[in-house]
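Everything below concerns the one structure shown next.
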Amino acid sequence: MHSWTDTLRFAFQPVVNLRTGGVAALEILARPESGDILAEARRDPELDGRLVVSALRAAVRKETMLPLHINVFAATLADLGGLTPLRDAVREAGRMPWEVTLDVVPPFAHVPQQALLEAVAALRGQGFRISADGIGDGDVPLRLLTDLAPDLLKLDASLLARPAAVRAMRTLCEQLGALLSVEGVETELQCAAAMSAGAQLAQGELFAPPARIPMADVYVPPRSPAHGAVPRSDPSVREFVRPAALLPVTASAGQVRALLTCSPDVSGVLLVDQAGVPVRSVHRSRFLLTMSGRYGHALYADRPAVKLGDPPRTVGVDATAWEVLDVVAVGGRDRTSDDVAVVDHYGRCVGVVRLADLVRALAETRVEEAAGLNPLTRLPGSDAITGEVDRRIADGRGFALSWLDIDHFKQVNDSAGFAAGDELIRSVGRALQQAVTGHARVGHIGGDDFLVLADEEGLQPLVAAVLEAPWSAGGRPVTLSLATVVCPPGSVSDHRQAAACLAPLKKAAKSLSGASWVLGRAGLPGLEVRRGSGATPAQAGYAAAEPLG
């Protein structure tokens with residue numbers, strides 16, 4: 001009697017990193033030659049659990065070092081309370097649990113949610129990574145999705161036709177610390193839409209179809225400036241993570257050499273302990289140079305590879321790309337090309353980052369930002385500030401948005417000349433930058449107008465720098481006006497509403513004599529005149545009893 005395994009085959013489809021263009025992982029797909037074993041597995045958790053183990057073993061037979069994505073029905077996890085056979089199979093294969101991502105697939109209807117959450121927590125505690133699959137084409141409840149707190153969300157490509165929904169999922173991912181992937185990408189237009197929406201990963205026929213042999217080369221359309229990824233002030237290291245080549249810390253130099261020889265794309269090997277914590281980093285070029293030297297193979301082949309490694313450079317999975325560059329900058333110049341290991345909260349390696357990927361992406365970001373810089377002050381324009389305002393609102397963070405300008409600036413230009421006026425604007429811009437370095441954003445929105453985005457506690461250094469300093473142009477004293485609206489979490493819905501709250505405060509500040517500062521709070525009536533004298537806000541046409549916004 002034939003077993004169901006006799007007619008079951010598996011195909012492998014690459015999961016592509018849209019930032020680097022490289023293959024980030026392989027999803028393993030069951031391909032039965034007859035019957036509908038997947039429909040049976042949906043009804044039979046024990047069968048589905050055996051399918052998961054079979055998928056892992058199929059990947060092991062292909063000798064791929066890439067991380068693996070394996071599908072499992074949500075009901076299977078809830079019913080079995082975890083996948084003990086999978087944990088044993090991973091150990092037997094010599095792989096690490098965190099190299100395996102479990103794609104939890106629909107249906108979710110009638111699945112005991114508490115049992116599912118407990119099973120996911122147990123698997124995550126063992127080191128497995130969790131993906132929520134079928135978003136947009138399945139029935140996963142939004143509340144359950146947030147409770148699962150997956151490491152990865154996989155959207156169906158059909159959702160790309162609804163950009164608002166994709167942006168909402170991107171915001172949710174940022175809240176959860178998860179990556180966003182799009183499945184079923186078939187056209188370059190869909191790929192561009194995925195990039196524009198800020199997805200970091202994707203898979204589909206466009207890049208590579210499922211195949212019996214894992215594919216290392218994929219097609220990724222060139223990035224179009226019109227469809228760049230959602231700009232972020234501090235790109236996350238998660239966007240650049242590549243699969244790591246891992247060997248146990250007990251590996252010999254000969255084993256490392258064999259791995260590097262068979263894998264020309266591997267730039268280095270990390271030697272890890274039993275928990276998956278990097279202990280030593282072996283750089284490809286330096287290692288092979290030592291091994292190829294006179295008597296090198298005879299001297300080192302059977303010796304522990306740790307003797308030829310260096311202390312690993314590591315960053316946390318929550319680090320930014322700029323923090324990775326800080327790590328690279330520390331140490332000798334001979335190690336600037338070393339991979340940087342990315343570790344989770346337990347210190348276990350989840351991948352590596354290559355310096356070239358970071359430099360390329362950050363350079364693109366800087367080019368995009370430069371296009372929006374004001375040519376006079378080299379400060380970003382309003383788009384950069386309003387975009388950051390919207391991100392803070394989406395993150396549920398409070399902020400203080402300030403507008404500042406130079407009083408009677410036309411008279412400054414008329415009396416002192418435009419060159420003196422330009423120098424005054426540059427000086428104010430420099431003072432603002434120096435006052436808020438590291439904890440606020442400054443934008444020059446045209447003419448003598450500036451925007452500053454900061455936390456409320458960061459306002460005092462700003463005031464001291466621009467309102468308490470003496471300003472002059474062509475020997476004539478000059479004063480500045482500052483208006484601030486403090487927006488607690490939930491008080492405004494977007495940057496437009498914040499700007500609407502700021503407008504009457506600006507009018508009130510301009511009505512005062514001398515250096516002035518007016519502060520209001522979104523959603524609350526009234527304002528505070530913290531500096532300045534002369535006309536009252538009511539005389540300026542401001543209704544003090546009317547709530548801002």
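Please treat every number below as a calculation from the coordinates, not as lab data. On a predicted model such as this, the values are computed, not experimentally measured, just so you know. Positions of Cβ are backbone-derived with ideal geometry, glycine not excepted, and every protein chain shown enters the neighbour counts.
For the pair Asp137 and Asp449, the difference between a 0.36 nm per residue extended length and the Cα-Cα distance amounts to 107.6 nm. Straight-line cross-link partners of Lys507 among the lysines, defined as a Cα under 20 Å from its Cα and at least 8 positions apart when in the same chain: Lys410. For Asp407, the shell of other residues with beta-carbons less than 10 Å away shows a net charge of -1, using +1 for Lys and Arg and -1 for Asp and Glu. Note on Glu239, Glu456, Glu205, Glu468: ascending count of other Cβ atoms within 10 Å places them as Glu468, Glu205, Glu456, Glu239, the fewest first.
In whole percent, what relative contact order does the chain give with Cα contacts below 8 Å and a gap of six or more residues?
Values: 1042 pairs, mean separation 47.9, N = 549.
Reported as a whole number, the value is 9 percent.
Take every Cα pair under 8 Å whose residues are at least 6 apart in sequence, average their separation, divide by the length of the range 372-534, and the relative contact order is 26 percent.
Sequence-distant contacts, meaning Cα pairs under 8 Å at least 6 residues apart, place the relative contact order of the range 4-225 at 22 percent.
Mind checking the full-extension length gain between Ser263 and Leu189? Use 0.36 nm per residue of separation minus the Cα-Cα distance, one decimal, nm.
Result for the pair: 23.3 nm of gain on full extension.
Listed by chain and number, the lysines whose alpha-carbon sits under 29 Å from that of Lys154, ignoring those within fewer than 8 places in the same chain, are Lys62. Annotation for the range 159-207 versus the range 261-285: alpha-carbon center distance of 31 Å.
Label sites at Leu117 and Glu468, each approximated as a point 7 angstrom past Cα along Cα to Cβ, lie 5.0 nm apart.
With each label modelled as a point 7 angstrom along the Cα→C-beta vector, the Arg360-Tyr219 pair spans 1.9 nm. Between Glu92 and Arg9, the modelled label-to-label distance comes to 2.4 nm, taking each label 7 Å out from Cα in the direction of the beta carbon.
Full extension of the segment from Ala275 to Glu457, taken as 0.36 nm per residue of separation minus the current Cα-Cα distance, would add 61.3 nm.
Grouping the Cα pair distances of the range 4-225 into 10 Å bins from zero gives a pair-distance distribution of 8, 34, 38, 18, 1 percent in increasing distance order. Taking other residues whose beta carbon is less than 11 angstrom from the beta carbon of Ile445, and scoring Lys, Arg as +1 and Asp, Glu as -1, yields -4.
FRET efficiency for Arg397 and Ser337, Cβ-Cβ distance as r, R0 = 35 Å, nearest 0.05?
Details: r = 37 Å, r/R0 = 1.07.
After rounding to 0.05, the efficiency reads 0.40.
Take the Cβ atoms of Arg476 and Ala164, set R0 to 30 Å, and the FRET efficiency comes out at 0.05.
Please work out the ratio of the alpha-carbon Rg of the range 59-101 to 2.2 N^0.38 Å and round it to two decimals.
On the way: Rg = 11.2 Å, N = 43, 2.2 N^0.38 = 9.2 Å.
With N residues counted in the range 59-101, Rg over 2.2 N^0.38 Å equals 1.22.
Each Lys or Arg adds one and each Asp or Glu takes one away; over the other residues whose Cβ falls under 14 Å from the Cβ of Ser131, this sums to -3.
Taking the chain on its own, what percent of its Cα-Cα pair distances exceed 36 Å?
Values: 69931 of 150426 pairs.
Roughly 46 percent, rounded to a whole number.
Helix 495-510 versus the longest principal axis of the chain: what angle, 0 to 90°, nearest 10, using Cα atoms? Between the helix axis and the principal axis of the chain, the angle is about 20 degrees.
Return the FRET efficiency for the residue pair Arg496, Gln175: r is the Cβ-Cβ distance, R0 is 25 Å, and the value is rounded to the nearest 0.05. Write down the numbers at each step before the final one.
On the way: r = 22 Å, r/R0 = 0.89.
Taking R0 as 25 Å, the efficiency between Arg496 and Gln175 is 0.65.
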